Amino acid sequence: QQQVKQSPQSLIVQKGGISIINCAYENTAFDYFPWYQQFPGKGPALLIAIRPDVSEKKEGRFTISFNKSAKQFSLHIMDSQPGDSATYFCAAKETGGGADGLTFGKGTHLIIQP
Amino acid sequence: NAGVMQNPRHLVRRRGQEARLRCSPMKGHSHVYWYRQLPEEGLKFMVYLQKENIIDESGMPKERFSAEFPKEGPSILRIQQVVRGDSAAYFCASSRYRGDNGANVLTFGAGSRLTVL
């Protein structure tokens, strides 16, 4: 059972464009939603995270949009740059209980074309 | 301040051998998590440990896999009698406190890539 579904699997965006990656979750107890960025040969690194008490969070060119009723959240990368080319993972966690681990989506391979 | 250190970075084993993966958490971190990443898959939580204690092993296969985090030294993920399906990247993460909730961020190592021939 996949509790966090991520799409698309791969994405190609022109430099300067907007990259959008979507995730949907099933467990309504999830209350923490981080996004991780992973470069080849490296471990994932926290990019940005959101809690369900807000509908949007922005940090620089990265924005998370959160729709609690639809159980969906998305990552938007504005003015995408070649250096943003990486694999992006959404994740979710129930912070007040449940398992100690994060539940990850399967990842999105993002390529920004110069 | 070194990050999370994992070794070996690459490990090749033949079926039936044992694999030992080591993880030294960041300085000041006493909470360690192991995740497995299969090709084209997201990371799957395996086990969470504090010093000398396994706190949550809900994602750990029941057989052949074990983990420890001794009082002194790195955390070790041990896989006995490896099979080809164990081929994956194994990531360790550490944190200062329990859980990843925004206020207590997980820091991941670069991973150990196990290949079983």
### Message
Given (1) open to solvent by 10 Å² or more (accessible area, probe 1.4 Å); (2) under 14 Å from A:ARG51 (Cβ atoms), identify the lone condition not met by A:GLN81.
### Response
(2)
### Query
Taking the condition among the hydrophobic types (A, V, I, L, M, F, W, C), assigned to a strand (DSSP E or B), more than 14 Å from chain B (Cβ to nearest Cβ) and loosely packed, with under 15 Cβ neighbours inside 10 Å, does A:ILE20 pass?
no
### Query
Does at least one position in the stretch B:16-31 carry a residue that is touching a Ser or Thr at 6+ places or on another chain (Cβ under 9 Å), assigned to a loop (DSSP other than H, G, I, E, B) and polar (S, T, N, Q)?
yes
### Task
For residues that are closer than 30 Å to A:HIS109 by Cβ and more than 7 Å from chain A (Cβ to nearest Cβ), tally how many sit in the stretch B:45-66.
5
### Query
Hey, any hits in the stretch A:61-79 for a residue that's touching a residue at least 60 places away in the same chain (Cβ under 8 Å), assigned to a loop (DSSP other than H, G, I, E, B) and either under 13 Å from the mean Cα position of the chain (by Cα) or more than 10 Å from every other protein chain (Cβ to nearest Cβ) (or both)?
yes
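Which residues, counting only those in the stretch B:78-95, are surrounded by 15 or more Cβ atoms within 10 Å (Cβ to Cβ), of a type in the set (A, V, I, L, M, F, W, C) and more than 14 Å from chain A (Cβ to nearest Cβ)?
B:ILE79, B:VAL82
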### Message
Any residue at all in the stretch A:94-101 that's touching a residue at least 24 places away in the same chain (Cβ under 8 Å), surrounded by fewer than 21 Cβ atoms within 10 Å (Cβ to Cβ), within 14 Å of chain B (Cβ to nearest Cβ) and closer than 18 Å to A:GLY43 by Cβ?
### Response
no
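Would a scan of the stretch A:48-58 turn up a residue that is under 25 Å from B:LYS44 (Cα atoms), assigned to a strand (DSSP E or B), among the charged types (D, E, K, R) and under 13 Å from the mean Cα position of the chain (by Cα)?
Among the residues of the stretch A:48-58, not one is under 25 Å from B:LYS44 (Cα atoms), assigned to a strand (DSSP E or B), among the charged types (D, E, K, R) and under 13 Å from the mean Cα position of the chain (by Cα), which makes the answer no.
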### Message
Residue under question is B:ARG13, and the condition is that it be surrounded by 14 or more Cβ atoms within 10 Å (Cβ to Cβ), facing chain A (nearest Cβ under 9 Å), over 20 Å from A:LYS42 (Cβ atoms) and touching a residue at least 24 places away in the same chain (Cβ under 8 Å); does it hold?
### Response
no
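Restricting the stretch A:23-41 to residues that are hydrophobic (A, V, I, L, M, F, W, C) and closer than 20 Å to A:ALA92 by Cα, which is surrounded by the fewest Cβ atoms within 10 Å (Cβ to Cβ)?
Here the answer is A:ALA29.
The values are calculated or read from the model by the stated rules, or taken from the named source; none is laboratory data. Since the structure is predicted, the reported quantities are computational estimates derived from the model, not experimental observations. Cβ: placed from backbone, ideal geometry, glycine included. Neighbour counts: every protein chain shown. Accessible surface areas use protein heavy atoms only, side chains included; no ligands, DNA or RNA. Shrake-Rupley method; radii C 1.70, N 1.55, O 1.52, S 1.80 Å.
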